[in-house]
1. Name every residue in region A:1-25 that is at pLDDT 95 or above and among the hydroxyl-bearing types (Ser, Thr, Tyr), in order of residue number.
2. Looking at region B:31-44 only, could you name the residues that are open to solvent by 50 Å² or more (accessible area, probe 1.4 Å) and more than 26 Å from A:Arg108 (Cβ to Cβ)?
3. Filter region B:103-113 for residues that are within 13 Å of chain A (Cβ to nearest Cβ) and assigned to a loop (DSSP other than H, G, I, E, B); which is most open to solvent (accessible area, probe 1.4 Å)?
4. Between B:Asp83, B:Asp66, which is buried (at least 16 other Cβ atoms within 10 Å of the Cβ), more than 12 Å from the chain's Cα centre (by Cα) and touching a residue at least 12 places away in the same chain (Cβ under 8 Å)?
5. Please state which of the following conditions A:Thr110 fails to meet, knowing it meets all the rest: (1) closer than 25 Å to B:Val91 by Cα; (2) assigned to a strand (DSSP E or B).
6. So, of the residues in region A:19-32 that are within 11 Å of chain B (Cβ to nearest Cβ) and over 10 Å from A:Thr102 (Cα atoms), which turns out to be surrounded by the most Cβ atoms within 10 Å (Cβ to Cβ)?
7. Report every pair of residues separated by at least 6 positions or lying on different chains whose Cβ atoms are under 7 Å apart, first residue within region B:43-61 and closer than 16 Å to B:Asn22 by Cα, second acidic (Asp, Glu) and open to solvent by less than 70 Å² (accessible area, probe 1.4 Å).
8. Go through B:Thr77, B:Thr107 for me and flag whichever is more than 10 Å from the chain's Cα centre (by Cα) and either among the polar types (S, T, N, Q) or closer than 19 Å to B:His14 by Cα (or both).
Amino acid sequence: ETGVTQTPRHLVMGMTNKKSLKCEQHLGHNAMYWYKQSAKKPLELMFVYNFKEQTENNSVPSRFSPECPNSSHLFLHLHTLQPEDSALYLCASSQNNGQPYTFGSGTRLTVV
Amino acid sequence: EDKVVQSPLSLVVHEGDTVTLNCSYEVTNFRSLLWYKQEKKAPTFLFMLTSSGIEKKSGRLSSILDKKELFSILNITATQTGDSAIYLCAVGAGGTSYGKLTFGQGTILTVHP
């Protein structure tokens, strides 16, 4: 384990479902991130939270809704997703002083 | 828009070979360049480079940054099957982009016995 825990590891959902991804970090970091990793594409930044305040929304569709109740927990709420949203969703955390990210193992999401 | 390009996109070698992975970038207000290794799911940190010309080394892996030509290389000597992975290059910027990383597409390295 890296110190960043993501659940669930795998998720299959229909286009009309509502589900949530969870990320928890035990590293005392103050910044958390959601990235999307699709096949043959670079990791795409989705959201950034610093001290539980959202500081970046990278033009993400509203069917993805983040929540950061405290500096240790980050959620990604999903509703009415499309098949093209199928991807690996990676959470990361860092000290917001330019230090490297620590990534979680990701959630493999399949939208059917 | 910040951009990171890695080459080659994939590489197949045999154990014992030496490989060089490339990363070029165009970033406003460059702060750092990072290399990650992704084997199954979680990318794991390898190196962070901020200064030109200073090689960072960890075992058989080494990396160097050229801030004038805007690129970095990652070298792996005496490759092993356990080096098979996706190698990701990322660039961090300062200013309003502080804390964000922009990633390249990755290089898929396959090492055959």
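1. A:Thr5, A:Thr7, A:Ser20
2. B:Arg31 - this is the single residue of region B:31-44 that is open to solvent by 50 Å² or more (accessible area, probe 1.4 Å) and more than 26 Å from A:Arg108 (Cβ to Cβ).
3. Within region B:103-113, the match that is most open to solvent (accessible area, probe 1.4 Å) is B:Gln105.
4. B:Asp83
5. It is condition (1) that A:Thr110 fails.
6. A:Ala31
7. What qualifies is B:Ser52/B:Asp66.
8. On the way: B:Thr107 fails: more than 10 Å from the chain's Cα centre (by Cα).
Result of the check over B:Thr77, B:Thr107: B:Thr77.
The values are calculated or read from the model by the stated rules, or taken from the named source; none is laboratory data. Small disclaimer: the values here were computed from a predicted structure and weren't measured. Backbone-built Cβ (ideal geometry, glycine too); neighbour counts: all protein chains shown. Please note that ligands, DNA and RNA were not included when accessible areas were found on the heavy atoms of the full protein model with its side chains. Shrake-Rupley method; radii C 1.70, N 1.55, O 1.52, S 1.80 Å.
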